[in-house]
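Working notes for the structure below.
Here, each number is a calculation from the coordinates, and none is a lab measurement. Nothing here was measured: the structure is a model prediction, and the numbers come from that model. Positions of Cβ are backbone-derived with ideal geometry, glycine not excepted, and every protein chain shown enters the neighbour counts.
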Amino acid sequence: MKKIILLTGALALMVGSGCKKEYLDTASTEQVDIGTIFTTTEKANAALNGIYRYMFERTVETTSNAQGKPGLTGILLGVDHMGEDLHQASATWFTSTGEGNYVGPRTDNHAVTRYYYRTLFRMVGNANIILDNIDNVIGTDSEKARIKAEALTLRAYAYSYLVQFYGKRYDAAAKPNAQLAVPLPLKSTDVKMPRVSVEEVYASVIKDLETAIDLYATASTRANKSHANIWVAKGLRARVALTMQDYPNAIKFAKEVVDGNQFPLMNETAYLSGFNDAPNLSEVMWASMPTLNQGDAFGSYFAQIAYNANTTYQRGTPKRINSALYDLISATDVRKKMWEKAPTAANFPLPTTAFVRSPYMSRKFSVKDIAGPSLGDVSLLRSSEMYLILAEAYAKAAQPANAQNTLFVLTSKRDPNAVKSTNLGDALLNEIMVNRRVELWGEGFRYLDLKRLNQALDRAAVPNYASISVAEKMKIPAGDVQWEFFIPRSEMEANPNIGPQNP
Amino acid sequence: MEYYKKGSGQLIFELPLPLSDGMEKILKNIGSMYNSGFELQLGADLVRSKNFTWNLLTNWTTIKNEITKLPAETPVITSGTKRREVGKDYYSYWLRQYVGVDATDGSALYIPEPGTAPANIRTVNGVEYVTNQTYAKFDYSGTAIPDLMGSFINTFSYKNLSLSFQVNYQIGGKFYDSIYQGLMSTSSYGAAMHADILNSWTPANPTSNTPRMDYGYTANANATSSRWLIDASYISLRNVNLSYNLPKNLLGKIDVSNARVFVTGENLAMISKRKGLDPTEAFDGVNAFTFVPSRILSFGVNFSL
């Protein structure tokens, strides 16, 4: 896999007073200017790779607990700690340092809100520079189309999170959704932009994804699953449609991916292999894939969640599942094996005796190599989510038979004894949601599902939830202001046009 | 005595940009400021007799700093605990305004930012406050620059014996004690804390000036705010020296023209507003985990041939 190291400042404009004395070489030896990057598609691709790399690397946007903030993948971990299905026995990272106790999103100068906001906007900023310049570089049209389409996909992906964190939830019954989201810079010259409405951000996300889908048709093939492609754009389009309660489009795009059958559902062996090897996991559509020499023993996704990651955090604080949810999984379902109700040395071997066992702990994620640097590929999109989107959208769109059939395709693959659902209405939706929560556990969905469906967070209903781990933050009513992150203080200070803070 | 006024222009500032922009900050040659003040030094033999001399050397310095120009597009630059603006000094604090503790539940009370939604306001004795720092008002809160810095050196000489000591002091200015803030925060179990936290608000101790010790509320109770400012005045015993010149008649026998025996102590004592606080640690008035100036005791003999 070719990943070109791109210094974080690679896309930086050279600013300042260039000293014109001849004996001084004004070209920086550690940064690259735009004119040098955007000469060929090969170099532009390096800029694109820089975004992908930034998505898994230990953050540089804050020094506060940076180890637990591996780029975008750290955001996926963080938001899962804001729900109730994934939790841990004691107060440490993700619970007491910001996310789990909701202090991070609800304190304007907290490292958490700064990290989420800046990480996503930096992806946007770098994508914008690529989009501004890609037309003028030397290279084949198919490479240009690919780079452009990937940059559009990444920008849409970043905005789809920003709008969900910083805006009030999208409500299809209240169009246009005039509530404020985030600024919407779409060119590198767009600076100090005001917050715009949730509706406008979603319109931009949809436009980017659909433009990308068209472009991918003439684009060269991606090198590997760390890059986005047409299926990724369609998958994200379906995800966005579901979030907007736009069920016809959710059905359309999810069905296209399912019918395309490029990413068949994994068999039991693959499912039990630790979710760490994207090329060999058939249903992974897109993943963040650090290579061995990019490994970070402590500052990676797997260092925070893999059951066998040899970090102080993981050894002492295994991730557990909501026991009530676990009890709903059929005994013959392969997913039941992702967690252990009563772990022992016999049924749950661990690398060393320094690892703690905790009831309902997970073995879903495993590092590639126990002796290595907590390495693994982080799934960003799996085709099983497409089945779940499709089933939910069918159910919401009053097509229960289609919903039951779609769900059964997934459940029959997971459980040899699965029976096709005969549920209807809320019971059917609930069955789909249970499958969704179990299937996507640890991948950054639950909090966003609660928010998009306008449900309450109720950790008190989770029998094994350790309230002390989140400073007793056990309930948040549906629609409460706590569902919105505060815009970071430094944005409010440095952007005179930003507009009002969230309530 | 001296009066100085020194202006500087085209100063390089780190200019913060919005997080939603492509870049977070740039360096720019912007801004002008001046420093002015008096420096006064006096020295005198207060007592001069055949065997005894008392010499006093003293000096005073004042500094006034004022920013005179910032770029029109960023007339205000906020950085950490400071805000830079024309007419203010470079070390002006810009902080959330902490008021005290609500006796009913031990919440920290801050002055509300104008326009705060009524749902976030708490009224105590008819006055409106907020208990979540995010809604608290920011305001100028003094400066790290002291009103006066000074020192004096006393030297007493009696026959061959000489004793001198130097005292440094400063009056005024504010210090932002972030170390104390950290020791008063309860964001993780098993961490060191300051003894003052024992006085936290409890139902039995409702008049405490320290908010309740609440793991889930510490981000608001102990937020960066004017609460952590403390008077930066101090007085320190910087140096004491006691020396004795051996009599000539003794020296003649060993063919040495001069010999002196001495004992010196440095950084012997400091009195500041809070025990352990060293306001000289950083001129910008924010401390960090650093070593205190080491206390040095030296003994020695000096020979001159």
Review point. Cα to Cα, under 28 Å, and not fewer than 8 places away if on the same chain: which lysines meet these conditions relative to residue A:319?
Key: A:69, A:225, A:336, A:337, A:341, A:364, A:368, A:413, A:451, A:473, A:475
**Study point:** Peptide-level mean, for B:217-224, of C-beta atoms on other protein chains within 10 Å
**Key:** 3
Exercise for review: Quick one: compute the contact order of region A:291-380, relative version, from alpha carbon pairs under 8 angstrom and 6+ residues apart, as a percent.
Suggested key: 42
Practice item. Work through the residues other than residue A:491 whose Cβ is under 14 Å from its Cβ and net out their charges, Lys, Arg +1 and Asp, Glu -1. Key: +2
Revision key, fill the gap. Each residue of A:469-476 has, on average, a number of other protein chain C-beta atoms within 10 Å of its C-beta equal to 2
Check your understanding: Non-local amide H neighbours of residue B:129 (under 5 Å, H modeled in plane, Pro and chain starts lacking H): which ones?
Key -> B:122, B:123, B:124
Point to revise | Viscosity 0.692 mPa s, temperature 37 °C, Stokes-Einstein D of region B:26-128 from Kirkwood C-alpha radius, µm²/s | key: 171
Practice item. Rank-order A:322-335, B:198-211 by packing density, defined as the average count of other C-beta atoms within 10 Å over each peptide's residues, highest first. Key: A:322-335, B:198-211
Practice item. Please name which of B:34, B:86, B:161 has its Cα lying farthest along the dipole of chain B towards the positive end, using unit charges on Cβ (Lys, Arg +1; Asp, Glu -1) and the Cα centre as origin. Key: B:161
**Study point:** Within 10 Å of each Cβ in A:489-499, the average number of Cβ atoms from other chains
**Key:** 5
Point to revise | Percentage relative contact order, chain B, counting C-alpha pairs under 8 Å, at least six apart | key: 14
Study note, to complete from the structure: Net charge (Lys, Arg +1; Asp, Glu -1) of residues whose beta-carbon lies under 14 Å from that of residue B:231, residue B:231 excluded, is +2
Revision key, fill the gap. Restricting to Cα pairs under 8 Å and 6 or more apart, the percent relative contact order of region A:69-108 works out to 33
Check your understanding: Which residues' amide hydrogens lie under 5 Å from the amide hydrogen of residue A:102, considering only partners 5 or more residues apart or on another chain, with H built in the peptide plane?
Key -> none
Practice item. Give, rounded to the nearest 20 debye, the magnitude of the charge dipole that chain A has about its Cα centre when Lys and Arg contribute +1 at Cβ and Asp and Glu contribute -1 at Cβ. Key: 560
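Packing-wise, with mean Cβ within 10 Å as the measure, how do B:215-226, B:95-106, A:121-132, B:21-32 rank, highest first? The partial results should precede the final answer.
Details: B:215-226: 21.3, B:95-106: 18.8, A:121-132: 23.4, B:21-32: 17.1.
Ranking the peptides B:215-226, B:95-106, A:121-132, B:21-32 by packing returns A:121-132, B:215-226, B:95-106, B:21-32.
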Check your understanding: Rounded to two decimals, what is Rg over Rh for the protein assembly as shown when you use alpha-carbon atoms and the Kirkwood radius?
Key -> 1.06
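So how do A:84, A:150, B:14, A:199 line up by other beta-carbon neighbours within 10 Å, fewest first?
So the residues, fewest neighbours to most, are B:14, A:199, A:84, A:150.
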Practice item. Go through region B:77-91 residue by residue and turn each phi into a ³J(HN,Hα) via Karplus (6.51, -1.76, 1.60, θ = phi - 60°); whole Hz please, and just put x for glycine and proline. Key: 10, 9, 9, x, 8, 10, 10, 10, 7, 4, x, 9, 8, 5, 10
Review point. Which distance in Å, rounded to a whole number, links the C-alpha centroids of region B:149-176 and region A:28-104?
Key: 53
Check your understanding: In the protein assembly as shown, what percentage of the DSSP-assigned beta bridges are antiparallel, given to the nearest 5?
Key -> 95
**Study point:** Helix-only CD estimate at 222 nm, as mean residue ellipticity for chain A, using -39500 (n - 2.57) per DSSP H run (n ≥ 4)
**Key:** -12500 deg cm²/dmol
Check your understanding: What do the square roots of 5 times the Cα gyration tensor eigenvalues come to for region A:143-301, in whole Å, largest first, as semi-axes of the equivalent ellipsoid?
Key -> 28, 19, 17
Practice item. Take each of the peptides B:2-13, A:267-278, average the number of other beta-carbon atoms within 10 Å over its residues, and list them starting from the highest. Key: A:267-278, B:2-13
Check your understanding: On the first, second and third principal axes, largest extent first, how far apart are the outermost C-alpha atoms of chain B in Å?
Key -> 90, 54, 37
